[in-house]
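Read through the structure below, which is laid out as structure tokens, and then see the notes.
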Amino acid sequence: MEYKELLSLTMKHANRRKERTEEVANCKLHLPCIAFPVTEIKRKPQDKDTYEIKTDGLNDLLITTEAKLIQFSPETPTLQKFLLVRPWNRRVLDLPGPVDHKQHVEDCCVPGSLDSEFHSRALQLLVRLGQPFRAFLLVQEHGEEYKRIAPDREIILQVKDMASVHHMMDVRTLDILPGINMCEAPPCTLPYLSEDKIQTLVSSLRSAVTVELASKLYTTFDNLSAPRFTNRRLHLPCIVFRATEIRRRHGQTQDSETHFTYGVKADGLHGLLITTEETLIQFSPARPPLQTFLLVHPWTRDLLELPDPVDDTQSVEDLSVLGSPLQDSPGGSAEEIGSVDSESEESHLRALRLIVRLGQPFRAFLLARQHGGEYKRIASDYDIIAQVKDASSVHDMMDVRTMDIL
């Protein structure tokens, strides 16, 4: 059965770490993914850097890239393989934790179970696989290794027909060769923040941050929606720090002709260095830029330390115990007043813990404003690690908004 095969194949990767679905070893990226062979690449006559790409099972694609691609079709094939791949993501399976994929599939194949848990999970998987996704375009280099082709913007694709499961059956792990400088530095690991450290930092913030400011920041974050893709744009909720200076640093990269290092400063953040293939406009407070640059801290719900959503039935039961407000005395009992004070203290504590987390180093995006008012992410060779200068300066973290990124 196709459902069984698809679920079994994808669950082989189910026990990978949640926060990182690919691993770097020996300077190669081992990427679990669904692969779609490219069947045709044709350059657009009016634009030498734009190509039309066709593949089995996916909608047709237009990409713009500085790379020179081989043109081919089913009538004029090429020996070099091209793939469009969907990187594997744990959320596709929606699994609660590590599982024994063999045992799970075997359990689902017990007579009578196909109409319940297994069939339901397989259908949910197909629905997720049918949604738009970010794709990589890969070209085979030598042997079974591939190289990623860098487009000018993210590739967003969707399967033509969700019912065509056979187009999504090529699930494998590909070896992807690194880009320039990838082997010079290992993937960045952010420092671990222990509970004792959090408690110490919270204590230091109590006298430095007012309840009102802390609560306002927490409420602002709590009201944000999750990041989403619509109309080929990423709508990203984040904290925004406006760049005040970008200056070229010479002699800091091995390939200084194609890769450039810049010192970047932004309001509220420590200065940092980034290395990129792109040529950036240089500016300073004395020479303001015509183009706006931003460093942003992407929002995630982990910052709020929220528990799992409460079961609906339990919520109704809890509400029934509270009774109607009309039954309560106007002034409230001493226990009720104490409960309100306790809730206020807990709310303040949550807000301070949020500020502590916002004060830690984070992976930032550098964005450049485009003519239409939207922003484009500047691709860097390494993770951009930024940190606020002073965690108690909450006003520096109050520019919270959702950015439209091309």
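For the reader, a short list of remarks on this structure follows.
- FRET E, pair Thr210, Thr300, Förster distance 25 Å, beta-carbon r, rounded to 0.05: 0.45
- Calculated diffusion of region 25-77, Stokes-Einstein form, Kirkwood radius summed over Cα pairs, 37 °C and 0.692 mPa s, µm²/s: 257 µm²/s
- Placing pseudo-labels 7 Å out from each Cα toward the beta carbon at Glu117 and Ile198 gives an inter-label distance of 3.2 nm.
- Taking the Cα atoms of region 211-302, the ratio Rg/Rh between the radius of gyration and the Kirkwood radius comes to 1.07.
- Taking the average, over residues, of other Cβ atoms within 10 Å as the packing measure, peptides 362-369, 282-289 rank 362-369, 282-289 from highest down.
We did not get these values from a lab; they are worked out from the coordinates using the rules stated. Small disclaimer: the values here were computed from a predicted structure and weren't measured. Neighbour counts are summed over all protein chains in view; Cβ atoms, including those assigned to glycine, are modelled from backbone coordinates with ideal geometry.
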